[in-house]
Amino acid sequence: MLASIINRIATMDWELAGKIIWGLCVVAWGIIRFRPNIKARKTRVSVTKRPPIERFSMFASQLGLGIVPAIWVFTGFPEQFDHAIGPLSIAIGTGLFLFSLYLFRRTHKALGKMWSHSLDLRENHKLVTRGIYEKVRHPMYSAFWLWAVSPPFLLANWVAGFAGIVGFGTLYFLRVGQEEAMMEAEFGEEYRRYKARTKRIIPKIY
């Protein structure tokens, strides 16, 4: 019995399993985001800051998190960077992505109609500091970082695996300072106090 289980594990197509899990998680993310996106669009944007660098960072994130991995998943390109992958790697990657989805859901629930995919403030915008926002100021970025670090464990290709870290990392480091400056300009001392008692993306660490 044990020998049969070990043999099945050894002969399983883990590369295909990783691709399927990655794809299902991306679809799940789209489902999670669908309703908040519709809801947020009903509330007018009162302040927006989308300079060329913001548009570039958003494209870099989309490229790294979705487009580059999808190209490899569906075409195998660039196959020269393929590598072996196994059950432990798949388990780690799945756990990271599932936790990412959990954070996405909680963050969207906390933000409600205040959510925006870019540097925007909604009409009658309120500073959200409770729930998942009690310990970190940017749990949405926490979720995206978890997404970004899961493909190296799920996808058996160095380029597809690490593209998300490069792509989302570009958006994060170009945007987070601008976002906090915008929030401070809008909410003043309230945001400065909130900033003083919280971390950016990892509770008690960073």
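Within the range 147-156, identify whether any single residue is open to solvent by 20 Å² or more (accessible area, probe 1.4 Å), touching a helix residue (DSSP H, G or I) at 6+ places or on another chain (Cβ under 8 Å) and hydrophobic (A, V, I, L, M, F, W, C), and answer yes or no.
yes
Can you tell which of 137, 130 is touching a residue at least 40 places away in the same chain (Cβ under 8 Å) and either open to solvent by less than 30 Å² (accessible area, probe 1.4 Å) or of a type outside the set (Phe, Trp, Tyr) (or both)?
Going through 137, 130 in turn, just one is touching a residue at least 40 places away in the same chain (Cβ under 8 Å) and either open to solvent by less than 30 Å² (accessible area, probe 1.4 Å) or of a type outside the set (Phe, Trp, Tyr) (or both): 137.
One residue is enough: does the range 125-137 have a residue meeting the conditions among the small types (Gly, Ala, Ser) and over 26 Å from residue 166 (Cα atoms)? Working first, answer last.
From the range 125-137, those among the small types (Gly, Ala, Ser) are 131; that's our starting set.
Then keep just the ones that are over 26 Å from residue 166 (Cα atoms); that gives 131.
Yes: one or more hits.
Of all residues in the range 27-43, count the ones that are more than 25 Å from residue 70 (Cβ to Cβ) and either charged (D, E, K, R) or surrounded by fewer than 10 Cβ atoms within 10 Å (Cβ to Cβ) (or both).
Selection size over the range 27-43: 3.
Quick one: which residue in 175, 192 is open to solvent by less than 50 Å² (accessible area, probe 1.4 Å), farther than 25 Å from residue 94 by Cα and assigned to a helix (DSSP H, G or I)? Explain how you work it out, then say what you get.
Numbers: 192 fails: open to solvent by less than 50 Å² (accessible area, probe 1.4 Å).
Going through 175, 192 in turn, the sole match is 175.
Out of 57, 46, report the one residue that is open to solvent by less than 90 Å² (accessible area, probe 1.4 Å), closer than 22 Å to residue 108 by Cβ and modelled with pLDDT of 95 or more.
57
The values are calculated or read from the model by the stated rules, or taken from the named source; none is laboratory data. All values reported here derive from a predicted model rather than from experimental measurement. Methodologically, a virtual Cβ is constructed for each residue, glycine included, from the backbone with ideal geometry; neighbour enumeration extends over all protein chains shown. For the accessible areas, the whole protein counts, side chains as well, though only heavy atoms, and no ligand, DNA or RNA atoms are used. Shrake-Rupley method; radii C 1.70, N 1.55, O 1.52, S 1.80 Å.
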